[in-house]
Amino acid sequence: MNRIKSFISQETWSPYVAGILLGIVGLLAVLLANSLLGASGAFESLAGLIGKKIAPSLFNNVYWGVDGARAMPIIRPEITWSVILLVGIFFGGTLAALSSRTFKFRFNDDAQWKRIFGPQPWKRWVIGFVGAIIVEFGSGIAGGCTSGLAISGGMLLVPAAFLFIAGFMVSGILTAMIIYRKRY
Amino acid sequence: MTEYIIALLLGVGFGFTLNKAGLTTYRNIANQFRFTDMTVLKYMMTAIAVAMIGLYTFRGLGWITFPTVPATYIVGNLIGGLIFGVGMAGAGY
């Protein structure tokens with residue numbers, strides 16, 4: 001019992017241990033709910049839900065569904081399974097941080113980030129915001145993110161997953177090279 | 001309702017392992033693209049391998065049928081991935 005406790009309170013686990021546990025979570029998702037883990041789709045569902053309320057004509061399209069059409073939209077603008085999963089992810093991360101006593105409101109405290117971009121928190125916020133838009137846009141085109149497409153697709157041996165992984169590794173390496181220059 | 005409780009619990013499991021693997025910090029994501037820290041790939045590939053073994057075993061036993069798999073459209077998947085990587089390496093999420 002004490003060993004379990006001390007294991008849980010560790011700040012970081014071996015990525016292999018964490019990966020095995022995620023694999024089990026992914027397996028349970030199929031077994032219990034016949035669903036795949038995914039995060040990016042949930043944001044699109046929420047965006048569609050809000051968009052249909054404030055600008056119905058703009059969001060009345062093939063992507064989020066045309067009013068009265070029988071065809072299923074690509075993204076359902078409602079509280080889907082994935083949205084609930086996303087809420088769970090938030091609480092899971094919070095719980096994990098609490099368990100290792102590393103929970104803290106951080107604005108910009110990553111030493112490596114500061115070395116590259118400077119100490120100003122607003123830069124972190126702006127780059128984070130723009131990066132998140134790019135990430136969500138990319139996953140919208142690809143049909144999923146690292147969890148919904150790469151991991152969930154990979155475990156079903158879907159070719160799309162491996163194309164996506166190749167894609168984000170290539171552009172990620174190039175982006176890192178441009179950002180880090182000589183320090184790469 | 002049960003489905004939503006399952007989703008919530010699985011989400012908690014997902015978020016918990018993400019945090020414990022250290023993937024909620026900028027440095028670990030960014031350093032994957034500099035190959036000074038392989039956490040992202042170790043975590044991802046382990047999860048894929050474990051789930052894959054389980055899924056194909058369970059399907060072989062007839063316990064599950066696979067859900068609708070993500071669609072493959074080569075150009076879209078690749079271009080989406082290329083755009084995704086820019087944001088991932090830049091913001092570190």
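Return the distance in nm (one decimal) between the two label points of a simple spin-label model at residue A:130 and residue A:74, each offset 7 Å from Cα along Cα→Cβ.
The modelled label-to-label distance comes out at 2.5 nm.
222 nm [θ] for chain A, helices only, -39500 (n - 2.57) per DSSP H run of 4+, per residue, to 500?
Values: 7 runs with 111 residues, N = 184.
Calculated mean residue ellipticity at 222 nm is -20000 deg cm²/dmol.
Distances longer than 13 Å among the Cα atoms of region A:120-174: what percent of all pairs is that?
On the way: 926 of 1485 pairs.
The answer is 62 percent, as a whole percent.
Debye calculation, C-alpha points only, no solvent: report log10 I(q)/I(0) for the protein assembly as shown at q = 0.07, 0.11 Å⁻¹, in the same order as the q values.
Values, matching the q order: -0.25, -0.64.
Relative contact order for chain B: what percent, with Cα pairs under 8 Å and sequence separation of 6 or more? Provide the component values of the computation, followed by the final result.
Values: 41 pairs, mean separation 33.5, N = 93.
For chain B, the relative contact order is 36 percent.
Using the C-alpha atoms of region B:2-91, what convex hull volume per residue, in cubic angstrom, is computed? Provide the component values of the computation, followed by the final result.
Values: hull volume 12.7 nm³, N = 90.
Considering the Cα atoms of region B:2-91, their hull volume per residue is 141 Å³.
Tell me the Rg and the Dmax, in Å, that the Cα atoms of region B:52-91 produce.
Values for region B:52-91 (Cα only, Rg and Dmax): 15.9, 44 Å.
Summarise the partner chain shielding of B:24-32 as one whole number: the mean count of Cβ atoms from other chains within 10 Å of each residue's Cβ. Don't skip to the end; give the middle numbers.
On the way: counts 4, 7, 11, 4, 4, 2, 9, 3, 4.
What the average comes to for B:24-32 is 5.
What is the P(r) of region A:63-184, as percent of Cα-Cα pairs per 5 Å bin from 0?
In whole percents, the pair-distance histogram is 2, 8, 11, 15, 18, 19, 15, 7, 3, 2, 1, 0.
Among A:108, A:133, A:28, flag the residue with its Cα farthest along the positive direction of the charge dipole of chain A, charges on Cβ as +1 for Lys/Arg and -1 for Asp/Glu.
Result: A:108, furthest along the dipole toward the positive end.
Under 12 Å Cα to Cα from residue A:53, which aspartates and glutamates show up? Leave out anything in the same chain fewer than 8 places away.
Partners found: A:78.
Going down the list A:123/A:182; A:114/B:42; A:123/B:42; A:5/A:182, which pairs span over 32 Å between their C-alpha atoms?
Numbers: A:123/A:182 21 Å; A:114/B:42 26 Å; A:123/B:42 30 Å; A:5/A:182 43 Å.
Beyond 32 Å: A:5/A:182.
Got the relative contact order for region A:106-184 handy, in percent, Cα pairs under 8 Å and 6 or more residues apart? Please report the intermediate quantities before stating the final value.
Working: 35 pairs, mean separation 13.5, N = 79.
For region A:106-184, the relative contact order is 17 percent.
Among A:76, A:124, A:106, whose mean-square fluctuation peaks in a Gaussian network model of chain A (Cα, cutoff 10 Å)?
Looking only at A:76, A:124, A:106, the biggest GNM fluctuation is shown by A:106.
How are the alpha carbon pair distances in region A:1-104 distributed across 5 Å bins from zero to the largest one, expressed in percent?
With a bin width of 5 Å, the distribution comes to 2, 11, 14, 17, 15, 13, 10, 7, 6, 4, 2, 0.
Can you find, among A:13, A:145, A:84, the residue sitting farthest towards the positive end of the charge dipole of chain A, where Lys and Arg contribute +1 and Asp and Glu -1 at Cβ?
A:13
At a threshold of 8 angstrom on Cα-Cα distance, excluding pairs fewer than six apart, so keeping six or more, what relative contact order does region A:1-104 reach in percent?
Numbers: 82 pairs, mean separation 31.7, N = 104.
Computed value for region A:1-104: 31 percent relative contact order.
Given Cβ point charges of +1 (Lys, Arg) and -1 (Asp, Glu) and nothing else, what value in debye, to the nearest 20, does the dipole of chain A about its Cα centre take? Let's see the in-between values first.
Details: 16 positive and 7 negative charges, 146 e Å.
Here the size comes out at about 700 debye.
Taking chain B as the reference, fit the longest principal axis to its C-alpha atoms, fit the long axis of helix B:2-20 to the helix C-alpha atoms, and give the angle between the two in degrees, 0 to 90, nearest 10.
Its long axis makes an angle of about 30 degrees.
Please list the helices of chain A that count as membrane-span-like by this rule: a mean Kyte-Doolittle hydropathy of at least 0.0 together with Cα atoms stretching 30 Å or more along the helix axis, each helix being a complete DSSP H run. Please report the intermediate quantities before stating the final value.
Numbers: long enough: A:121-142 (31 Å, 1.00); A:159-180 (31 Å, 2.00).
Qualifying helices, which must be both long enough and hydrophobic enough, are A:121-142, A:159-180.
Given 0.36 nm per residue, what is the gain on full extension from residue A:8 to residue A:174 after removing their alpha carbon distance, in nm?
Values: separation 166, 0.36 × 166 = 59.76 nm, distance 3.63 nm.
The span from residue A:8 to residue A:174 would gain 56.1 nm if fully extended.
A short reminder: the numbers here are calculations on the coordinates, not readings from a lab. Predicted, not measured: the structure shown is a model, and the values here were computed from it. Cβ coordinates were reconstructed from backbone atoms using ideal geometry, including for glycine residues, and neighbour counts include every protein chain displayed.
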